[in-house]
Every structure is written in structure tokens, then in C-alpha cells.
Amino acid sequence: MGINIKYYIISIAAIFISLGIGIFIGFNMNGQELYLEQQQILVDSLENRFSEFKKEKETLEQKIQSLSTEKEKQNTFIENVFYEVIHNKLSELGIAVIETTDHYFYDDIDETLRLSGADVPLHVKYTDKIYTVTEEQLKEINDLIGTDLKKNDDFINLINNEVTNFFIYKDMTDILKFLIDNKYILYSFNYNKIDQLNIDNIIIAGGSTKNQENKTEQLDINLVKNLQDKGLNVVGVERLDVELSYIPELKKLDIPTVDNINTKIGKISLVYVLRGAEGHYGEKSSAESLAPFIVTDPS
């Protein structure tokens, strides 16, 4: 009797266990199917989104190609009309160029000015040597040229003063000769025509590298102020690819600026600024417009 009851209990337990296992397996099978269905929905959604991205990519590529083609046309047009736009616009003007850095190429400014009819009698370039003068070298310089320079800033101020005075007095002093001979500054100038030197405008071409970020006030600002104090007209320019722009600081000095001088549009802007256009032109955030508004017929 006890055995039979025990048997029934075990049998009932086995039935319930089997039923539980069956329910568990059935639930898992249904859950697996539901999981697979969700996965398929996700895959389909991703495939649809991928197709949309592909279409968007193709559309963007077409736009880029269209813009590239349009830019090529515009560049070709600017190249073709460049000479006609600047031809003889600066005739009979004497313009000097001063580069306050030797990290960037600005020699092509002279070519643009000459194409526009200007005379470019003088091109000055400051070299990096002016920033690395030691105390011992300063002492040697003081002994050689009879000055009393105590720090590097004093030396740079001396150079700025000598360069500025040369524009005014046309005097090649012993100090200026020393600076040129020792390549603190580079001069492109015909010494035989010093009496004929006539400067109407001065272009300051600058911009800096990141390891010279504190040099603006020390050199460029001081130089521009010197030139302005002597009543000389100054224009500030730089290339698009300079690491650190000086234009925001030069704007504070109330001089016109061009920040894309390495482009044809920048060169055209420079010519019209030298003709009297005021403002700040170029492609950087500091610019007020791309180029001066050109009126070919004032009437």
C-alpha cells in the first residue's frame, strides 16, 4: 500500500516535471522564433537604411562633382580675366613689401604689383635670426654699433626703427648695413637708385607658425605703428595657409587687410585696396567680404 502511494506520488511528480519541461521547451521555441523575427526585422531595417545611405552618398558625390566642375570654371575664368582686371591699375605708384616672417612665400606679390603697373623698388624680409639673439650676442652688437640693447625686444625695435627711417630719409646707415650683412633682414633693393626711391604704400606680409604665437605685438604691431607715425600708408596681407593669423590684430590698427593673398582673388583685392578701397577682405572669419566692390564706370 505504501509502495503504491509512493509510486503514485513519483508518477505524478514525473508527469508535472515532464509537463514543466514541455512548457519550458515550448516557450523557448516560441521565444526563439520571436527573437529570429525581431532579428530579421532589424536586418531588413538596416538594409533599407544602407540603401538610403548609398543613395545619399551617390547624390552627394554628384553634388561634389558638380561643385568641382563649377569651381574649375570659375578658376579658369579668374585666370583668364586676372591680367585685364589689374592691368595698369597701379601705374606710377611706388610700393614696398615687408615680410615679417620667412616661413611663408610672398615673393609673388612683387609680380602682381608689377603686372598692375606699380614700381616695386624695395622688398624687405625679416629672418628668424632676430628672435634668437642671446645676451652675449646683444653685447657684441652693442659694442659693434654703439647701442645699448638689453633684451631681444630692444633689438627688434631697433630693426623696425631702421627700416622705417630708411623709407623716410633714404639713408643706408651703418646699423642698417650691419643688419643686412648679418642677415637679420634681407633686402632686395637697387642701391644705385636710392635717390629715386619713392614709396606711396607699404605692404606688410605676415602670419606666423604656432611656435611664434607671441611675436605679433613684438614685431608687426610695433612696425605698423612706426610706419603710421611717419604718415606712411600700410596694408596688411597674409596667406590662407598661415598657422596663426595676424589679421585680427592688424584690424585694430585701422589698416585695410587681405587674408588670401596667395589666391588670384586675393591679389585682385590687394590691387583695389592699394587704389583706395577700405576694409578687410578674404576668406577667413575676420574678413568683411570676399573682395572689394569694383566699379569700372563711376558714372
- Answer from Ile194, Ile199 - the residue that is out of contact with any strand residue (DSSP E or B) (no Cβ under 7 Å at 6 or more places or on another chain) and either surrounded by 15 or more Cβ atoms within 10 Å (Cβ to Cβ) or not basic (Lys, Arg) (or both): Ile194
- Query: Are any of the residues in region 254-265 surrounded by fewer than 16 Cβ atoms within 10 Å (Cβ to Cβ) and not in a strand (DSSP E or B)?
  - Reply: yes
- Message: Suppose we keep only residues that are charged (D, E, K, R) and under 16 Å from Asp174 (Cα atoms) within region 133-153. Which one would you say is farthest from the chain's Cα centre (by Cα)?
- Response: Asp143
- Message: So, in region 64-101, how many residues would count as being surrounded by 16 or more Cβ atoms within 10 Å (Cβ to Cβ) and either within 22 Å of the chain's Cα centre (by Cα) or of a type in the set (Ser, Thr, Tyr) (or both)?
- Response: 5
- Item | Flag if Ile185 is in contact with a strand residue (DSSP E or B) (Cβ under 6 Å, 6 or more places away or on another chain) and surrounded by 17 or more Cβ atoms within 10 Å (Cβ to Cβ) | yes
- Is it fair to say Ile98 is touching a residue at least 60 places away in the same chain (Cβ under 8 Å), among the β-branched types (Val, Ile, Thr) and not assigned by TED's automatic domain parsing to the domain that holds Asn222? no
- Task: State all residues of region 104-128 that are out of contact with any Asp or Glu (no Cβ under 7 Å at 6 or more places or on another chain) and loosely packed, with under 15 Cβ neighbours inside 10 Å; if no residue qualifies, say none.
- Result: Phe105, Asp107, Asp108, Glu111, Arg114
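The values are calculated or read from the model by the stated rules, or taken from the named source; none is laboratory data. The structure displayed is predicted, hence computed values, not measured ones. Methodologically, a virtual Cβ is constructed for each residue, glycine included, from the backbone with ideal geometry; neighbour enumeration extends over all protein chains shown.
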